[in-house]
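Student: If you scroll down you'll find the structure; I have some questions about it.
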Amino acid sequence: MVDLESEVPPLPPRYRFRDLLLGDQGWQNDDRVQVEFYMNENTFKERLKLFFIKNQRSSLRIRLFNFSLKLLSCLLYIIRVLLENPSQGNEWSHIFWVNRSLPLWGLQVSVALISLFETILLGYLSYKGNIWEQILRIPFILEIINAVPFIISIFWPSLRNLFVPVFLNCWLAKHALENMINDLHRAIQRTQSAMFNQVLILISTLLCLIFTCICGIQHLERIGKKLNLFDSLYFCIVTFSTVGFGDVTPETWSSKLFVVAMICVALVVLPIQFEQLAYLWMERQKSGGNYSRHRAQTEKHVVLCVSSLKIDLLMDFLNEFYAHPRLQDYYVVILCPTEMDVQVRRVLQIPMWSQRVIYLQGSALKDQDLLRAKMDDAEACFILSSRCEVDRTSSDHQTILRAWAVKDFAPNCPLYVQILKPENKFHIKFADHVVCEEEFKYAMLALNCICPATSTLITLLVHTSRGQEGQQSPEQWQKMYGRCSGNEVYHIVLEESTFFAEYEGKSFTYASFHAHKKFGVCLIGVRREDNKNILLNPGPRYIMNATDICFYINITKEENSAFKNQDQQKRSNVPRSFYHGPSRLPVHSIIASMGTVAIDLQDTSCRSTSGPTLSLPTEGSKEIRRPSIAPVLEVADTSSIQTCDLLSDQSEDETTPDEEISSNLEYAKGYPPYSPYIGSSPTFCHLLHEKVPFCCLRLDKSCQHNYYEDAKAYGFKNKLIIVAAETAGNGLYNFIVPLRAYYRPKKELNPIVLLLDNPLDDLLRCGVTFAANMVVVDKESTMSAEEDYMADAKTIVNVQTLFRLFSSLSIITELTHPANMRFMQFRAKDCYSLALSKLEKKEREKGSNLAFMFRLPFAAGRVFSISMLDTLLYQSFVKDYMISITRLLLGLDTTPGSGFLCSMKITEDDLWIRTYARLYQKLCSSTGDVPIGIYRTESQKLTTSESREIASQSQISISVEEWEDTKDSKEQSHHRSNHRNSTSSDQSDHPLLRRKSMQWARRLSRKGPKHSGKTAEKITQQRLNLYRRSERQELAELVKNRMKHLGLSTVGYDEMNDHQSTLSYILINPSPDTRLELNDVVYLIRPDPLAYLPNSEPSRKNSVCNAMGQDSREETQL
């Protein structure tokens, strides 16, 4: 141990400042060498330069001192003029000699000495080898003129009263002020404002010109009118303002010459300054300037970060953001790297927006631009992706960098981020709210195949509307559809609510049914106070607590509502309803007016037996006895809940034992073993027992495992769902999972075919003729179109081609721009579509955010635009729960105990229920389902003029020998009279083709002159209808020939009719007494079946499910 310590060398001593000065005597034998760096800065000149020029703070002090000296010299000159007595006479000696007191002379000499010394020192320090460059500088020359005479007067006393133009020091003061401002911005490490500097230079130039002119004229007029300083100021102001009263004028030629010189200088200098100022002002208008710190601390603002700002995106954001009353005092700061568009500039000049919207041109990656937008004081930051780029991954990368930059600069600012690709979502998990476009897009496309028009339902729920759209329309469906579109999702604490406070301690379904019956609101979900998860329809076993947050659908929130009973309404003679007919919206309807809603309370007293009740028909009734509607229990009875174990394979389908065995061998329930991207929510769904080989996934090519080459050969029991897309992206995972969810019966699972290219041959091979739905995804390759609205051109034309070839095919597609939805299933001469176009323009003029809602393809759920869901991100600023609720409705997230969205169809056996309120009670009391809306399909009705015109066209009698089948002709005429126009195809296989049709058309043309002008127009219309029918036959023949060429059977294809005679629309949360109609599809939020699994043994569960499976199915389908 001693040896080890002796071998360890001693530690070197700590170096101190004394050691560096005196040296280390103990380490003289050390071979280390001390090196001193930056030795050139140790010279006297470098130290002076560091103090006077390089160091920012010391340089700022020196320039401030210099500026003060120049102002002091000008002040001393004014004092000298004021103290001097005007001498008599007009001698020139008065120009060169003045009266200067000794103390004043001493002060001026001191100032001159210091100024000259400082000027020479700075010139020496900034000397770079050319001495004439230093001497001939204008500031140096002015300094010599103003300082050297005073220094000479020290040695030559007779020159103490010599006139020195000290007032020229104002120009040196201006120069010192400019340098001082530059050093000030450099010292505080902020980018100086070019506009501020230019304004400062302009003002200082004007002051220097005026001050020089005042002092010069006053001195030169000592031999003339002997003007004082005030008269000289008056003359200069009048002269420079081009007024020229003429009451004060110079007399001597020298003063006149001086005035001319000053005017010339002003004409040269001032326009240059004004031009630079105007240029900077225009540039500032383009870049947007700054958002002041004072405004940021006293006012609330949000920041919108986009890569390129388009007028549609801007108006959608502003309309949705300012639709909420509590956001009226907020300011919107737009941070965009591109120059402001002409249309955007025109909109922002409108007084409504000019006072609340501030445009800043800059990048979110620069801290300076984020500081201009005062991001650290913002209430929220919205970061939107550019969906019109071809490379959507690159667009996401830019969004991710913006989000990182904002989070780094302002970590406490809430972030609302829109991302395009789901695989990029995990990069921005720190954001408060994230909306992934492809997730929502594919989920809505999938649910449109299961629940019709789910995309329209979600779009209407996330848009802010008062429900005033279509109220001036003469058609009843537009009034009802527009009225119900005003329903949105709101929240309130149970104990603070008038709607739900009385249901504390009662079941969820009881509260939902009675709140809808009494107030017309639809309770869809709750959230515990100590839990962040929202539960949609947790079921009848859920007991409401006082601290629960209730989520409900209504036309307005409860805080903006006023309540009055029916008795009060009768006294005030308020009309009971706004609509008449079987589907009117009476007492339960909600009247929106100026942000406040009056809700009529249903009388809860006992009714007479003669009134409408939910009881069964009496035994003496002639009607067939139907199952009764049980009351909704306050607390759920376990025996009355009709649930079964969905993990069991025997409880969901009515199949034979052999089919059950085969299905059990084919499917299993569980979670997908692999996730295509990070951040996807695990979903319990149907899975195959064994993984299918990759070679078997090609439907049009055979392999060693099967020999099928088209969809028909596979013999699928259910109709296909075809997805036409350019690439198989990760977003398709969100399309497949809802279609394979565990709560869907196996017998309803549709085969899914992915079509990466859609020529006619591939369409026919994949079974388009017997497909249930054709989903066309927006084409990314067309998003780089020169015109933004042309990004949907390829998709629209492809869908139109499919519509013409397969007119009965249900086509669902997604577009980039909502304005392009009017081209879906386009008919150039459709009078009804033209009427809807006029209605859309009227609604847009009224300021509606949902002007496009009356387009038939959108109302029917066959087309939507993902840009409509931008409002979901905007609404989450006020309603932070909207994204979670939407994801639960679409099946993107699954929360234990939360329900799911599904639908059921009203059949003839269900019409005995009659009203929506009775249906609500039936569902809540039997299966625990909560209905939220109706998808209704009805026939279009022609106007009287159109009906007469078509009827008159069908009654024209023309004798044509070649026309043999007169019966079919009459049937076609009758068919045309029941539709808007004659675009439906002939369903019969008539042997006459285009040759016979054209012969008939020529005979019609020969008989034209015998008729009047009106009859000739009708004949022309008939010829057009005939041409269209013949074109339809040609298309049918084309498809059949291709099918025969490919070896496919033509049995599944016929000359199909399109659906021109029907229209579909959605009624969200309709009135309780809305009449049910045949084929209505009711949207339901069904409780989570896994939440009611009994804890008994599996054998008992299976027996209970087998015993109740049939009854449960009947009660669900009513």
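The values are calculated or read from the model by the stated rules, or taken from the named source; none is laboratory data. Since this is a predicted model, take the numbers as computed values, not measurements. Note: ideal-geometry Cβ built from the backbone for every residue, glycine included; neighbour counts use all protein chains shown. All accessible areas refer to the heavy atoms of the entire protein, side chains included, with ligands and DNA or RNA removed. Shrake-Rupley method; radii C 1.70, N 1.55, O 1.52, S 1.80 Å.
Student: Stretched out fully, how many nm does the piece from residue 772 to residue 1090 gain, at 0.36 nm a residue minus the Cα gap?
Tutor: On the way: separation 318, 0.36 × 318 = 114.48 nm, distance 2.94 nm.
Taking 0.36 nm per residue and subtracting the Cα distance, the gain is 111.5 nm.
Student: As I understand it, the dipole of the stretch 701-781 uses +1 on the Cβ of Lys and Arg and -1 on the Cβ of Asp and Glu, about the Cα centre. Which of 733, 750, 760 lies farthest toward its positive end?
Tutor: In the stretch 701-781, that residue is 750.
Student: What nm distance separates the two modelled labels at residue 397 and residue 562, each placed 7 Å from Cα along Cα→Cβ?
Tutor: A separation of 5.9 nm, rounded to one decimal place.
Student: Once amide H atoms are placed 1.01 Å from N in the peptide plane, what residues at a sequence separation of 5 or more from residue 767, or on another chain, have their amide H within under 5 Å of its amide H?
Tutor: Correct list: 711.
Student: Take residue 472 and residue 196, extend 7 Å from each Cα along the Cα→Cβ direction, and tell me the distance between the two endpoints in nm.
Tutor: 5.1
Student: Once phi is turned into ³J(HN,Hα) by the Karplus curve 6.51 cos²θ - 1.76 cosθ + 1.60 with θ = phi - 60°, what whole-Hz value does each residue of the stretch 391-406 show in order, with x for glycine and proline?
Tutor: 8, 6, 5, 4, 5, 5, 4, 5, 5, 5, 5, 4, 5, 5, 5, 5
Student: Next question, about the same structure. For the stretch 459-555, with every protein chain kept in place, what is the accessible area per residue (1.4 Å probe, Å²)?
Tutor: Details: 3090 Å² over 97 residues.
That works out to 32 Å² per residue.
Student: Which whole-number percent of Cα pairs in the stretch 338-388 have a distance greater than 18 Å? Before the final figure, lay out each step's value.
Tutor: Details: 573 of 1275 pairs.
Tail of P(r) above 18 Å: 45 percent of Cα pairs.
Student: Counting only protein heavy atoms, what percent of the accessible surface of the stretch 292-341 is carbon or sulfur at a 1.4 Å probe? Kindly include the intermediate steps, with their values, before the conclusion.
Tutor: On the way: 990 of 2100 Å².
Of the solvent-accessible surface of the stretch 292-341, carbon and sulfur hold 47 percent.
Student: Follow-up question, since we're still on this one. Report the local net charge at residue 445: Lys and Arg +1, Asp and Glu -1, summed over other residues whose C-beta lies under 14 Å from its C-beta.
Tutor: -3
Student: Okay, next question. In this model, which of 174/225; 300/846; 669/746; 374/407; 712/746 are farther than 22 Å apart at the alpha-carbon?
Tutor: The pairs that break the limit, which is 22 Å between Cα atoms, are 174/225; 300/846.
Student: Which value in nm describes the separation of the simple spin-label points at residue 668 and residue 315, placed 7 Å from the Cα toward the beta carbon?
Tutor: According to this spin-label approximation, the distance is 5.5 nm.
Student: Which one of 485, 531, 473 has its Cα pushed farthest toward the positive end of the charge dipole of the stretch 463-532, where Lys and Arg give +1 and Asp and Glu give -1 at the Cβ?
Tutor: Projecting each Cα onto the dipole axis, the largest value belongs to 473.
Student: Counting Lys +1, Arg +1, Asp -1, Glu -1, what net charge surrounds residue 865 among other residues with beta carbon under 12 Å of its beta carbon? Show your work: numbers first, answer last.
Tutor: Working: positive: 387, 441, 822, 855; negative: 312, 316, 437, 778, 792, 814, 870.
Overall, the nearby charge balance is -3.
Student: Among 343, 368, 357, which residue has its Cα positioned farthest towards the positive end of the charge dipole of the stretch 335-374, with +1 placed on the Cβ of Lys and Arg, -1 on the Cβ of Asp and Glu, and the dipole taken about the Cα centre?
Tutor: So the residue we want is 357.
Student: Would you please put 468-478, 704-714 in order of how densely packed they are, using the mean number of other Cβ atoms within 10 angstrom per residue and starting with the highest? If you can, show how the numbers build up before the last one.
Tutor: Values: 468-478: 17.2, 704-714: 14.6.
Per-residue Cβ counts within 10 Å, averaged per peptide and sorted highest first, yield 468-478, 704-714.
Student: Same structure again: What's the center-to-center distance, using Cα atoms, between the stretch 858-932 and the stretch 450-528 in Å?
Tutor: First find each Cα centre; the distance between them is then 10 Å.
Student: Residue 815's amide H: which non-local residues (gap 5+, or another chain) put their own amide H closer than 5 Å, with H modeled 1.01 Å from N in plane and none for Pro or chain starts?
Tutor: 864, 865, 866
Student: A follow-up question, please. What is the dipole size for the stretch 397-550, taken about its Cα centre, with +1 at each Lys and Arg Cβ and -1 at each Asp and Glu Cβ, in debye to the nearest 20? Intermediate values should be presented prior to the final figure.
Tutor: Values: 16 positive and 16 negative charges, 45 e Å.
Its charge dipole is roughly 220 debye.
Student: Efficiency by 1/(1 + (r/R0)^6): what FRET value for residue 51 and residue 282, r their Cβ-Cβ distance, R0 = 41 Å, to the nearest 0.05?
Tutor: Details: r = 41 Å, r/R0 = 1.00.
That pair, residue 51 with residue 282, gives E of 0.50.
Student: Next question, about the same structure. Explain nothing, just the number: dipole magnitude of the stretch 694-825 about its Cα centre with +1 on each Lys and Arg Cβ and -1 on each Asp and Glu Cβ, in debye rounded to the nearest 20.
Tutor: Working: 14 positive and 15 negative charges, 185 e Å.
About 880 debye.
Student: So how much slack lies between residue 842 and residue 546, counting 0.36 nm per residue of separation and subtracting their Cα-Cα distance, in nm?
Tutor: Working: separation 296, 0.36 × 296 = 106.56 nm, distance 4.57 nm.
Here the answer is 102.0 nm.
Student: ³J(HN,Hα) across the stretch 749-765 via Karplus (A = 6.51, B = -1.76, C = 1.60, θ = phi - 60°), whole Hz, x for Gly/Pro?
Tutor: After applying 6.51 cos²θ - 1.76 cosθ + 1.60, I find 6, 8, x, 10, 10, 9, 10, 7, 9, 10, x, 4, 4, 5, 4, 5, 5 Hz.
Student: At 0.36 nm per residue, minus the direct Cα-Cα distance, what do residue 713 and residue 346 gain on full extension? Give it in nm, one decimal, please.
Tutor: Between residue 713 and residue 346, full extension yields an extra 126.1 nm.
Student: Net charge near residue 106, counting Lys/Arg +1 and Asp/Glu -1 over other residues with Cβ under 15 Å of its Cβ?
Tutor: On the way: positive: 80, 100, 160; negative: none.
That sum, taken over residues with Cβ under 15 Å, equals +3.
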